[in-house]
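See below for the structure under consideration.
Bear in mind these aren't lab numbers, they're just calculated from the coordinates by the rules spelled out. The model shown is predicted, which means the values in this text are computed figures rather than measured ones. Methodologically, a virtual Cβ is constructed for each residue, glycine included, from the backbone with ideal geometry; neighbour enumeration extends over all protein chains shown.
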Amino acid sequence: MRIVLGVIVLAVASWFFSALLGTPEEVASAQGPSEWVSSKQCAECHEQIYNEWKSSPHANSWNNEDVRVQSDDFANKDCIDCHAPRPVFETGLGERVLPRSARRSEGVDCLTCHLLPDGGMAGTITNPRVACQPTTRRELQRVSLCAGCHDQHKTVQQWKATPFAEHREGCMECHMPYRDGTPEGGRLHTMPGGHYINMVRTAVTFTGEIDDAGLPAVTVANVGGGHSYPTDERSRASDIWWRTIPEGAELGADGVATEGGDWQHLHRIRDPYRHETDMVSTLLHFGDSRTLTIEDSLAAEGPVEVVLVYKRTPYYRDKDTGLAMELDAVSNPFDDSELVHRVVIEP
Ligand code: HEC
Ligand code: HEC
Ligand code: HEC
Ligand code: HEC
Ligand code: HEC
């Protein structure tokens, strides 16, 4: 009896609402699909953006191998929050994001950044005639859109200390450049960072010289990072290694000489993680430069090759076992890092 009554009430209610708002079909056609449940729905009309996003670390944030290992396959539930988040306009810009329970494998998806609580999309235009119902929301262009997730590892705090913050040049300026150089072309959705070594290369310059004491020295300067280098305290490090090479040595495929002496570790640029209380931060803040001297008699013997490498894990993994190694056990840094810059200093 109660069920029958419920059905009647529902039927009356739905008749009432459709009379008020138009038939369900009319409502659906103005709004596109009745519900936005997946980024795949956007692909039909925003193919290029979809493909860029699909290839990006954001799209991979749930399936990412390193995240899986460190979160114990997300048994650590704290890790779900930012790696499979609910829409930020729903949880509130600048607020801590919250985890979602559905379609987690889409990671940080289109809905995370664009879906508004009313079912439309935050955009730079308002157009109610379009299926996804974009509405102009200027917050989309602000740093607070990224901050809910990206201050976990202090990137936003670091940015605030640079002239970019003063000039209101936010994260988009560098991480979402105009696709074809003009605003009409829209913004690049791959959002390159540490997984794109060419992006990393724009952060710093690396130069070599023989200093006043006659010793080889290198200088690394943060000229293009919008924050400290390398940003992300948890997982990133940048190391300087050197070795002697024979006169006229040729370059190999990995960008360094094909032959040379043993690699020696000179310096590490990194912010220690919370529990690493015995370490001091050596992060290179925006606008700063640092000179390091090679005080080793070996270096006087011939040309010295010095490299700056970027690491997505703070330690080096053994090629065969995958286990972390001490720095002095590393024989070839390129087994587990990428070349940022290289200089050769002649004695
Ligand atoms: C507040 C948001 C937030 C939470 C919570 C969070 N992460 Fe992340 N995570 C990020 C962001 C943002 C990045 C991108 C790197 C950066 O910060 O510069 C990232 C990157 C990573 C990376 C590097 C991925 C790569 O491809 O190199 C790992 C690994 C990682 N997170 C593991 C975890 C683990 C494990 C947890 C839970 C203990 C966790 N994260 C919780 C926001 C978060
Ligand atoms: C049936 C086609 C269609 C689907 C599906 C669709 N959109 Fe759109 N979207 C459009 C059209 C058309 C425009 C308007 C483009 C214009 O006027 O420049 C638009 C505009 C937008 C805008 C504003 C663009 C700007 O210049 O600011 C955003 C943001 C957006 N869509 C996001 C999404 C997202 C996210 C999804 C998936 C959840 C989605 N759209 C699904 C057709 C669609
Ligand atoms: C990490 C946040 C984020 C994700 C994920 C994201 N977007 Fe965007 N999107 C933005 C921002 C920020 C803008 C730039 C607004 C501006 O130009 O001021 C933008 C711009 C757009 C535009 C306007 C046109 C253009 O090319 O700039 C469309 C359409 C759009 N996004 C659709 C999508 C779709 C579809 C997806 C998923 C495939 C997606 N976005 C994923 C943040 C995001
Ligand atoms: C809801 C959380 C969230 C929001 C909002 C968000 N991100 Fe991310 N972002 C992440 C996570 C998580 C990762 C790490 C993905 C991975 O590698 O597993 C990441 C990675 C990145 C990376 C590193 C890419 C690389 O090459 O490793 C960049 C750059 C980035 N985001 C830029 C932005 C910008 C710019 C915005 C604002 C327009 C933004 N993000 C908004 C969560 C977020
Ligand atoms: C002036 C250009 C510029 C601005 C502005 C800028 N960045 Fe970056 N960002 C870079 C460069 C270059 C790198 C690569 C070097 C590095 O990691 O520091 C990078 C790296 C990153 C990474 C990758 C870290 C990783 O673990 O892979 C994230 C995440 C990131 N930026 C987020 C942001 C956020 C969030 C903002 C805004 C608060 C921002 N960036 C502003 C240039 C910029």
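Some values worked out for this structure:
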quantity	calculated
Pairwise label distance in nanometres, Ala161 with Ala75, each label 7 Å out on the Cα-Cβ vector	3.7 nm
Projected label distance in nm at Ser38 and Leu323, using a 7 Å step from Cα toward the beta-carbon	4.3 nm
Where the Cα pairs of the range 37-151 fall when distances are cut into 5 Å bins, in %	2, 12, 20, 24, 21, 12, 5, 2, 1, 0
Average projection area in nm² (convex hull over Cα atoms of the range 277-347, one quarter of hull surface)	6.8 nm²
Relative contact order for the range 197-345, counting Cα pairs under 8 Å that sit 6 or more residues apart, in percent	31 percent
Out-of-range pairs (alpha-carbon distance over 32 Å; input Lys40/Lys319; Lys77/Lys160; Lys54/Lys77)	Lys40/Lys319
P(r) histogram, all alpha-carbon pairs of the chain included - 20 Å bins from 0, percent	24, 47, 21, 6, 1
Base-10 log of normalised Debye intensity for the range 197-345 (one unit scatterer per alpha-carbon) at q = 0.16 Å⁻¹	-0.90
GNM result for the chain, Cα springs below 10 Å: residue of Asn64, Asn76, Asn198 fluctuating most strongly	Asn76
Extended-chain gain in nm, criterion 0.36 nm per residue less alpha-carbon gap, Glu301 and Asp254	14.5 nm
Debye intensity ratio in log₁₀ form over the Cα atoms of the range 227-295, taken at each q of 0.18, 0.23 Å⁻¹	-0.84, -1.02
Residue of Cys132, Cys45, Cys82 that the Gaussian network model of the chain assigns the largest fluctuation, springs spanning Cα pairs under 10 Å	Cys45
Value of [θ]222 nm, deg cm²/dmol, for the chain, DSSP H segments ≥ 4, -39500 (n - 2.57) each, nearest 500	-6000 deg cm²/dmol
Distance (nanometres) between label positions extended 7 Å along Cα→Cβ at Arg138 and Asp66	3.7 nm
Relative contact order [Cα under 8 Å, 6+ residues apart], the chain, whole percent	13 percent
Gaussian network model of the chain, Cα within-10 Å springs - most flexible of Val130, Val97, Val220	Val130
Extension gain (nm, one decimal) between Ala102 and His265, 0.36 nm per residue minus Cα-Cα	54.1 nm
